[in-house]
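Asker: One structure, as structure tokens, below. Some questions next.
The values are calculated or read from the model by the stated rules, or taken from the named source; none is laboratory data. These numbers were taken from a predicted model, which means no experiment stands behind them. Don't worry about glycine lacking a Cβ; one is built from the backbone with ideal geometry, like all the others, and counts go over all protein chains shown. Quick note on the areas: whole protein, heavy atoms, side chains included, nothing else; ligands and nucleic acids left out. Shrake-Rupley method; radii C 1.70, N 1.55, O 1.52, S 1.80 Å.
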Amino acid sequence: MFRSLNGINYRIWAGGALVSNVGTWMQRTAQDWIVLTQLTHNNATAVGIVMALQFAPQLLLLPVTGFAADHLDRRKLLMGTQAIMGLLGLGLGILTVTGQVQLWQVYLFAFALGCVAAFDAPARQTFVSELVEGPNLSNAVALNSASFNVARMIGPAVAGLLVAAVGAGWVFLINAATFGAVLISLKMLHVRELHPSPRARRSRGGLNEGFRYVWKRPDIKVILIMVFLIGTFGLNFPIFISTMSVSVFHKGAGEFGLLSSIMAIGSVAGALLAARRERPRVAMLFAGAALFGAGCAIAALMPTYWLFALALILVGISAQTLMTTANGVVQMTTDPKLRGRVMAIYMAIFMGGTPIGAPIVGWVADAFGPRWALGVGAASGFAAALVGVFYLVKYRNLRVQFRSWRVQFVLGDREDVEEAIGAEEAAAQRA
């Protein structure tokens, strides 16, 4: 399960990333809390706008960010983006500690952070392939997700306690300091032991090459559609959790942070289960999407705080199963020379849908209540599952068999994702 940690470079990277991710989740929790309770009167739409501004640059800057990830030294690029994000956290922290922060300033910092993160995300995702050798790439992707969600367990809970004790401003300052851990880890890497991917050659039309590659790959296209549906309308947890905590269960900052940490238990479990699988399987995309829809529907119906918290574990497992599988399939089956651009497209669709979905989901929470907002998330999961079924039927020969009062779903002979993808890629290249 932890075979990627055998490499010294991945161990160094994982340690620094974990510390930084804890700080990131602390800042996200504190930011959502002050927007909802201090800068507005429980306005979920404002939280949605913050999310939209933070993730919109992923889509707006897509051609440039993918090009940078494929053509620049990813280690140096990450050192630059991480340093700038630390400075932005420092600036927001100073404004908040001194009592000068206003809603428009939070909007501005969210957008600036989104612009830097747009360059950071594809470089960070593809940098994993330079830290580990090919056979361990799927395991490394899953362990990255596990690390991110371990931080998600720790960060919100700590942030909730700190917000209640000393205020949100100090949470932002602590987050700024945690970026130093990533910078130190990047500096400590054994550069000679990295496995750099071949750099793409500069050519006319290079920015569009990633789009052409994706267009010829039906497997990647269906993954992007599923990720768009759930990423746009389903992964709006800051809205779901904050509004349910404040408006439905009437809890404070500590209980709000605890809910995010409880959901992360499920996310860590989903990531570790993915790490145990040697290859990501396409059927897991359908299963994860369907389970996500069911989890959101169950959470929307829960009558008490603790039952809602338990339902969030199921939501976390399913969301992480889907996203880790999708990320693994895309990375493992993409031409290394195009991996940065393809992952930039993936991240732009994954996060870039938030500017569309978050304000809509926030408006639903304000107009009809937080439970209906969760209903929107459930619908996105079921819609993504239907897309997955269509792909399995058309390209993997999915069929239903009835045997001895049992219903079985059977795929064609090509059980392994890698085999199926390889055949599809070869067909695309011949075309």
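Asker: Scanning for something of a type in the set (D, E, K, R), over 30 Å from residue 208 (Cβ atoms) and under 21 Å from the mean Cα position of the chain (by Cα), does the range 119-134 turn up at least one residue?
Answerer: Among the residues of the range 119-134, not one is of a type in the set (D, E, K, R), over 30 Å from residue 208 (Cβ atoms) and under 21 Å from the mean Cα position of the chain (by Cα), which makes the answer no.
Asker: Kindly list, by first and then second residue, each pair from a residue in the range 222-236 that is touching a residue at least 60 places away in the same chain (Cβ under 8 Å) and hydroxyl-bearing (Ser, Thr, Tyr) to a residue that is open to solvent by less than 10 Å² (accessible area, probe 1.4 Å) and in a helix (DSSP H, G or I), limited to pairs with Cβ atoms under 6 Å and residues at least 6 apart or on different chains.
Answerer: 232/357
Asker: Considering only residues that are out of contact with any Leu (no Cβ under 9 Å at 6 or more places or on another chain) and crowded, with 20+ Cβ neighbours inside 10 Å, which ones fall in the range 63-75? Break it down stepwise before answering.
Answerer: Start the filter on the range 63-75 by keeping residues that are out of contact with any Leu (no Cβ under 9 Å at 6 or more places or on another chain), which leaves 65, 71-74.
Selection gives 65, 74.
Asker: I've got another one for you. Kindly indicate whether any position in the range 231-245 is open to solvent by 10 Å² or more (accessible area, probe 1.4 Å) and at pLDDT 90 or above. Please lay out each step first, then the result.
Answerer: Pass one, the range 231-245, residues open to solvent by 10 Å² or more (accessible area, probe 1.4 Å): 233, 235, 237-238.
Filter again for at pLDDT 90 or above, leaving 233.
Yes; the residues of the range 231-245 include at least one that is open to solvent by 10 Å² or more (accessible area, probe 1.4 Å) and at pLDDT 90 or above.
Asker: Let me ask another. List pairs: first in the range 182-195 and over 13 Å from residue 78 (Cβ atoms) and of a type in the set (D, E, K, R), second open to solvent by less than 30 Å² (accessible area, probe 1.4 Å) and in a helix (DSSP H, G or I), Cβ under 6 Å, 6+ apart or cross-chain?
Answerer: Listed by first residue and then by second, the contacts come to 193/9.
Asker: Restricting attention to the range 270-281, and to residues there that are part of a helix (DSSP H, G or I) and open to solvent by 40 Å² or more (accessible area, probe 1.4 Å), which single residue is farthest from residue 50 (Cα to Cα)? Talk me through it step by step, then tell me what you get.
Answerer: The first filter runs over the range 270-281 and keeps only residues part of a helix (DSSP H, G or I), leaving 270-276.
With open to solvent by 40 Å² or more (accessible area, probe 1.4 Å) added as a condition, the list becomes 272-273, 276.
Numbers: 272: 31, 273: 32, 276: 36 Å.
Residue satisfying both the conditions and the ranking: 276.
Asker: Inside the range 246-258, can you point out the residues that are open to solvent by 10 Å² or more (accessible area, probe 1.4 Å) and either modelled with pLDDT under 85 or not in a helix (DSSP H, G or I) (or both)?
Answerer: Start the filter on the range 246-258 by keeping residues that are open to solvent by 10 Å² or more (accessible area, probe 1.4 Å), which leaves 246-255, 258.
249, 250, 251, 252, 253, 254, listed by residue number.
Asker: Among the candidates 144, 136, 175, which residue alone is part of a helix (DSSP H, G or I), touching a residue at least 24 places away in the same chain (Cβ under 8 Å), open to solvent by less than 10 Å² (accessible area, probe 1.4 Å) and of a type outside the set (Gly, Ala, Ser)? Explain how you work it out, then say what you get.
Answerer: On the way: 144 fails: open to solvent by less than 10 Å² (accessible area, probe 1.4 Å); 136 fails: open to solvent by less than 10 Å² (accessible area, probe 1.4 Å).
So the residue among 144, 136, 175 that is part of a helix (DSSP H, G or I), touching a residue at least 24 places away in the same chain (Cβ under 8 Å), open to solvent by less than 10 Å² (accessible area, probe 1.4 Å) and of a type outside the set (Gly, Ala, Ser) is 175.
Asker: In addition: Every residue in the range 282-310 that is open to solvent by less than 10 Å² (accessible area, probe 1.4 Å) and closer than 30 Å to residue 395 by Cβ, please.
Answerer: Matches in the range 282-310: 285, 288, 289, 292, 293, 295, 296.
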